[in-house]
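A.B. asks: The structure follows.
Just so you know, all these numbers are worked out from the coordinates, no wet-lab data involved. What you see is a predicted model, and the numbers here were worked out from it, not measured in a lab. Here the Cβ positions follow ideal geometry from the backbone for every residue, glycine too, while neighbour counts run over all protein chains shown.
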Amino acid sequence: MDICVVGTGYVGLVTGACLADIGNRVICVDVDKEKINKLKKGIIPIYELGLKDLVKRNQKRKRLAFTTDLREGLKKSTIIFIAVGTPPKQDGGADLTYVENVARQISQYMTSYKLIVEKSTVPVETGAWVKHTVSVNNRHKVKFDVASNPEFLREGQAINDFMHPDRIVIGVGSKKAEELLVKLYSPLRAPMVITDIKSAEIIKHASNSFLAMKISFINAISNICEKAGADVEKVAEGMGLDKRIGRAFLDAGVGFGGFCFPKDLAAFIKIAEKLDYNFALLKEVEKINEFQKKLLVNKIKDNLWIVKGKTIGILGLSFKPNTDDIRFAPSLDIIRLLRDEGANIKVFDPQAMNKAREVLKKVKFCKNPYEVARNADCLVIVTEWNEFKKLDLKKIKKLLKQPLIVDGRNIYNPKALKKAGFKYICMGKS
Ligand code: UDX
């Protein structure tokens, strides 16, 4: 099939490259000339496992092309995915300016039937607005449909998530739109949920909010475990074996970050508010998530007594391992809180150093974890990169001013660390 993907951010690029790889001809459109020029040369603006090879392979086979010209993108394509950004506004709601712009332009340029599919995460009723926008600008009365097909890609495993999804959600208002999308996704052989557009839009926000709620739930349990002298990991194991609960997303720690959960949660609270429902449960999920970062800083304070003038080494800046993404990363808030206390900060991350340099000031960037540990009063784990699980702890102990590790992701065995002579503080267990 001939597909056009508008927006070459995270979602658009992965979607475009994967759809090309399963045998479609895909043209990706973006207004950013520099980005498109780089993509044409096979230079990928984001760090995502396997994406570079996928893009190059499909460019070579002439199944994947890039352009800044939406008109060119629309010419041959029947299905148009809108995958532009929906950044958060000050009030937490999603800014849909880009979606509206693209919808308007599509309607002005289209000359034959188009199926316009929302891929970006958007509030419920966006589909109806896209349909309205296209209708009012559709001077030549070209036939079109609108559909919602939310993505559930995790950064770091986005290609695998695309190729082997748990489910594909298709929100449509016509048989033709349904048939086109079912045909497009049939090579993936995944369960499909076919529904109306509004339900599909809500599935996305409900899923992400539910996962965020699971994380905040286990973090709340973790705090109870700490006070009661129990072990949150065993509690999660015991809960998770119940098939109705499941073990996934029950890892206690410094909370969730990234560009999806915090943004989608805030947007869903706002959507509910507009629909005259106070989603207090989700507000609590946010509060617990904020608290976890302060809790980690308090643990550091409790063990250092005075933080002012002390040197604190931070391992991990990205919001989770296997990505260089630091958007809404817990590390940023934790570093800010520690700096407010007057601490000197040293940091290292296997992938996120370049991005962090753009936003973190007055912080010493180190070449490796050992340089971070040298003469630090405390070593803090914020992201659970595999590399940190395999550190030479004897060497770390020698380098630290005092053998104190505060672990916000529970990557070590407390008994082993204590035996090795460390004061080891973690989350929800001792
Ligand atoms: C998420 C959703 O999983 C995905 O379906 C959606 O499309 C985009 O948002 P992503 O943001 O890439 O994906 O990250 P994810 O792997 O889900 O982790 C989110 C955050 O939760 C991370 O900061 C992670 O450290 C944290 N987390 C996750 C926990 O603190 N505990 C857990 O048990 C799981």
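A.B. asks: Dividing the convex hull volume of the Cα atoms of the chain by its residue count, what figure in Å³ per residue is obtained?
C.D. replies: Values: hull volume 63.9 nm³, N = 430.
Dividing the Cα hull volume of the chain by its residues yields 149 Å³.
A.B. asks: Along the Cα-to-Cβ line of A420, 7 Å from the Cα, sits a label point; which residues in region 313-336 have backbone N less than 15 Å from it?
C.D. replies: Residues passing the 15 Å test: 315.
A.B. asks: For an R0 of 22 angstrom, estimate the FRET efficiency from the Cβ-Cβ distance between L49 and L188 and round to the nearest 0.05. Could the numbers behind the result be given before it?
C.D. replies: On the way: r = 19 Å, r/R0 = 0.85.
So the FRET efficiency works out to roughly 0.70.
A.B. asks: Using a 7 Å offset from the Cα along the Cα-to-Cβ direction at both A128 and H164, what is the distance between the two label points in nm, to one decimal?
C.D. replies: Output for this residue pair reads 4.0 nm.
A.B. asks: Describe numerically, in nm with one decimal, the distance between label points set 7 Å from Cα along Cα→Cβ at D340 and at K287.
C.D. replies: Label-label distance for D340 and K287, simple model: 1.8 nm.
A.B. asks: Of all DSSP beta bridges in region 2-195, what percent run antiparallel (nearest 5)? Can you show the working numbers first?
C.D. replies: Working: 2 of 28 bridges.
Within region 2-195, antiparallel bridges account for around 5 percent of the total.
A.B. asks: Let me ask something additional. By how many nm would the segment from K60 to K294 grow when fully extended, if each residue of separation counts as 0.36 nm and the alpha-carbon distance is taken off? Can you show the working numbers first?
C.D. replies: Details: separation 234, 0.36 × 234 = 84.24 nm, distance 4.96 nm.
Computed gain between K60 and K294 is 79.3 nm.
A.B. asks: Further question on the same structure: What angle do you read, to the nearest 10 degrees and between 0 and 90, between the alpha-carbon axis of helix 261-274 and the longest principal axis of the chain?
C.D. replies: Once rounded, one gets 60 degrees.
A.B. asks: Moving on to the next point. Please label the shape of region 2-195 as rounded, prolate or oblate, based on the square roots a ≥ b ≥ c of the eigenvalues of the alpha-carbon gyration tensor (a/c under 1.5 means rounded; beyond that, a/b larger than b/c means prolate, else oblate). Walk me through the numbers on the way to the answer.
C.D. replies: Numbers: a/c = 1.31, a/b = 1.23, b/c = 1.07.
Rounded is the answer for region 2-195, as its axis ratio a/c remains below 1.5.
A.B. asks: How do T86, T111 line up, fewest other C-beta atoms within 10 Å first?
C.D. replies: On the way: T86 24, T111 10.
Listed from fewest to most nearby Cβ atoms, that is T111, T86.
A.B. asks: Got a sec? Which residues in region 397-429 would a label at A230 touch, if it sits 7 Å along Cα→Cβ and we count backbone N under 14 Å?
C.D. replies: 428-429
A.B. asks: Continuing with this model, one more query. Once R0 is set to 30 Å, what does the formula 1/(1 + (r/R0)^6) return for the Cβ-Cβ distance between K143 and F210, expressed as a FRET efficiency to the nearest 0.05? Numbers along the way, then the final one.
C.D. replies: Working: r = 37 Å, r/R0 = 1.23.
The pair K143/F210 has a calculated efficiency of 0.20.
A.B. asks: Quick one: which residues, 5 or more positions from C426 or on another chain, have an amide H under 5 Å from its amide H? H modelled 1.01 Å from N in the peptide plane, none for Pro or chain starts.
C.D. replies: Counting only residues 5 or more places away or on other chains, the set is D407.
A.B. asks: Obtain the nm distance between the two label points defined at F249 and S199 by a simple spin-label model: each point lies 7 Å from its Cα along the Cα-to-C-beta direction.
C.D. replies: 2.0
A.B. asks: Can you tell me which of 309-319, 142-152 comes out highest on packing, and rank the rest after it, using the mean Cβ neighbours within 10 Å? Display every interim value, and only then the final one.
C.D. replies: Numbers: 309-319: 24.7, 142-152: 21.5.
My ranking of the peptides, most packed first, is 309-319, 142-152.
A.B. asks: Let me ask something else about it. Which one, S148, S135, P187, is farthest towards the positive end of the dipole of region 2-195 when Lys and Arg carry +1 and Asp and Glu -1 on their Cβ?
C.D. replies: It is P187.
A.B. asks: Find the centroid of the Cα atoms in region 199-268 and in region 40-86, then give the distance between the two in whole Å.
C.D. replies: Their Cα centres are 34 Å away from one another.
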